[in-house]
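Note sheet for the following structure.
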Amino acid sequence: MRTQAKIGLVFLLGLFTFFTVSGKKPLTDGDGRPLIEKIGTIDCDMVETTPVVFKDKVYRFEYVRKNYWNNQTGDSYFRFVNHETGKTTTPFAKGFHFGSAYVSDNTVYVTAVDRVDGERIFIFSSHDLENWDKWMAFELPGFGMFNTSLIKVEKRFVLMFEVGKPAKECGVRFTARFATSTDLKNWEILTSDHNYAMDRYTAPHCLRYLDGYYYDFYLEVHEGFEMRVVRSKDLIHWVSSPLNPVLKVSAIDKQIANNNLSDNLIRKIAASEDCNNSDIDFCEFKGKLIINYSWGNQRGMEFLGEAVYYGTQKQFLKGWFPR
């Protein structure tokens, strides 16, 4: 009886712990914002990255620019980095720019432009991160396109793409526009009223969807360059989070979070101007978000930071729009 009682007590304690932990509210800062805990700098000369989960492992997609400190190829390219081991995959997409990654049905997709301020968006796909197929998604003559972010909403893919021209389509550079597809091959470019936003600088970077709302994490100038978030049910009418900004400059940006950085790079980090937190992207893994972002001077001196949020993506998104 005593043994059975002990087993029963352990079982009840286990249930209590489970429900207590699973029902725990995610942490917020002093102003009620979802608490993003910055870890610090993990690389230099690295800006656009996308953390993704592929086959139960976290990878960081990287757009390696021509001026990256360890790029000896003479051109830009893409690669994935195993978040745990730091091992990199074979480079691909030489000469392409502003890539962004998305995983769906055990397939990795990368959307990108073939030139900066270009007219064409391409898609790369792979089942193993080593062998890649490529095709052009669409071409918009006269447009200038940059960052992209791909999601899937039920049976339809939605692509947010950044437009810098023409003025009649984007207003003030840089503006989020949208396209949809059911097969990633045939795309409908949504009309120009599907945008955010044409009246000021609102450079888009990260698109998400939850419970009927699209979330656009974008860059705006306010006490430096800050990441902010808006949401919309129709990609036309948007509401700004009352808790903005999502990310802003802080001293932790310069904290070293990669022991493999050389002394020269560490000195470069310490001496650099920091007026910018931009290019946020994130993935959920084992109940928390792994977040990457860029900091620097917005004039070519840029660094890659990492942060975490101890909660789910659903909690994170809803947390910016409390009822």
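Do we find a residue being surrounded by 15 or more Cβ atoms within 10 Å (Cβ to Cβ), among the aromatic types (Phe, Trp, Tyr), under 30 Å from residue 170 (Cα atoms) and at pLDDT 95 or above anywhere in the stretch 49-58?
Going residue by residue through the stretch 49-58, those that are surrounded by 15 or more Cβ atoms within 10 Å (Cβ to Cβ) are 49-54, 58.
Applying the additional criterion that residues be among the aromatic types (Phe, Trp, Tyr) yields 54.
Filter once more, so that each one left must be under 30 Å from residue 170 (Cα atoms): none.
Within the stretch 49-58, not a single residue is surrounded by 15 or more Cβ atoms within 10 Å (Cβ to Cβ), among the aromatic types (Phe, Trp, Tyr), under 30 Å from residue 170 (Cα atoms) and at pLDDT 95 or above.
Every residue in the stretch 128-181 that is of a type in the set (D, E, K, R), in a strand (DSSP E or B) and more than 19 Å from residue 202 (Cβ to Cβ), please. First the steps, then the outcome.
So in the stretch 128-181, the residues of a type in the set (D, E, K, R) come out as 128, 130, 133-134, 139, 152, 154-156, 162, 165, 168-169, 173, 177.
Going one step further and asking which of them are in a strand (DSSP E or B), we end up with 133-134, 139, 152, 156, 162, 165, 177.
Answer for the stretch 128-181, where residues must be of a type in the set (D, E, K, R), in a strand (DSSP E or B) and more than 19 Å from residue 202 (Cβ to Cβ): 133, 134, 139, 152, 156.
Remark: pairs (first residue in the stretch 182-210, under 18 Å from residue 100 (Cβ atoms); second residue assigned to a loop (DSSP other than H, G, I, E, B) and aromatic (Phe, Trp, Tyr); Cβ separation under 9 Å; 6+ apart in sequence or on different chains) = 196/238; 202/174; 203/174; 204/174. Taking the numbered list (1) assigned to a strand (DSSP E or B); (2) out of contact with any strand residue (DSSP E or B) (no Cβ under 6 Å at 6 or more places or on another chain) in turn, residue 81 passes all entries but (2). When the test is whether a residue is surrounded by fewer than 14 Cβ atoms within 10 Å (Cβ to Cβ) and among the β-branched types (Val, Ile, Thr), residue 163 does not pass it.
Just checking, how many residues over the stretch 84-94 are outside any loop (DSSP other than H, G, I, E, B) and either over 15 Å from residue 65 (Cα atoms) or in contact with an Asp or Glu (Cβ under 6 Å, 6 or more places away or on another chain) (or both)? Spell out how you get there, then give the answer.
At the first step, the residues of the stretch 84-94 found to be outside any loop (DSSP other than H, G, I, E, B) are 88, 92.
Next cut, either over 15 Å from residue 65 (Cα atoms) or in contact with an Asp or Glu (Cβ under 6 Å, 6 or more places away or on another chain) (or both) only: 88.
Residues that pass the stated criteria total 1.
Taking the stretch 245-280 as the search range and keeping residues that are among the acidic types (Asp, Glu) and more than 19 Å from the chain's Cα centre (by Cα), which one is surrounded by the most Cβ atoms within 10 Å (Cβ to Cβ)?
Step one: of the stretch 245-280, the residues among the acidic types (Asp, Glu) are 253, 263, 273-274, 279.
This time we only want the ones that are more than 19 Å from the chain's Cα centre (by Cα), so: 263, 273-274.
Numbers: 263: 7, 273: 12, 274: 17.
Only one residue tops the list, namely 274.
Residues that are among the small types (Gly, Ala, Ser) and modelled with pLDDT of 95 or more within the stretch 201-238 comprise 203, 212, 232, listed in sequence order.
From the list 311, 305, the lone residue that is assigned to a loop (DSSP other than H, G, I, E, B) and either surrounded by 20 or more Cβ atoms within 10 Å (Cβ to Cβ) or touching a helix residue (DSSP H, G or I) at 6+ places or on another chain (Cβ under 8 Å) (or both) is 311.
Please verify whether residue 314 is over 14 Å from the mean Cα position of the chain (by Cα) and either within 16 Å of residue 216 (Cβ to Cβ) or without any contact (Cβ under 8 Å) to a residue 60 or more places away in the chain (or both), treating the condition exactly as stated. In short, no. Take the residues in the stretch 33-66 that are part of a loop (DSSP other than H, G, I, E, B) and touching a residue at least 40 places away in the same chain (Cβ under 8 Å), then tell me which one is farthest from residue 302 (Cα to Cα). Per the criteria, the residue is 55.
Scanning the stretch 287-311 for residues that are under 17 Å from the mean Cα position of the chain (by Cα) and either among the acidic types (Asp, Glu) or at pLDDT below 95 (or both) turns up 302, 306. When the stretch 198-211 is filtered for residues that are touching a strand residue (DSSP E or B) at 6+ places or on another chain (Cβ under 6 Å), within 20 Å of residue 282 (Cα to Cα) and in a loop (DSSP other than H, G, I, E, B), only 202 remains.
Does residue 113 count as in contact with a His (Cβ under 6 Å, 6 or more places away or on another chain) and not polar (S, T, N, Q)? It would help to see each step written out before you state the result.
Numbers: in contact with a His (Cβ under 6 Å, 6 or more places away or on another chain): yes; not polar (S, T, N, Q): yes.
Considered against the rule, which asks whether it is in contact with a His (Cβ under 6 Å, 6 or more places away or on another chain) and not polar (S, T, N, Q), residue 113 comes out as yes.
Screening the stretch 212-233 for residues that are outside any strand (DSSP E or B) and touching a residue at least 24 places away in the same chain (Cβ under 8 Å) and picking the one that is farthest from residue 274 (Cα to Cα) gives 223.
The values are calculated or read from the model by the stated rules, or taken from the named source; none is laboratory data. Everything quoted here is computed from the prediction, not taken from an experiment. Methodologically, a virtual Cβ is constructed for each residue, glycine included, from the backbone with ideal geometry; neighbour enumeration extends over all protein chains shown.
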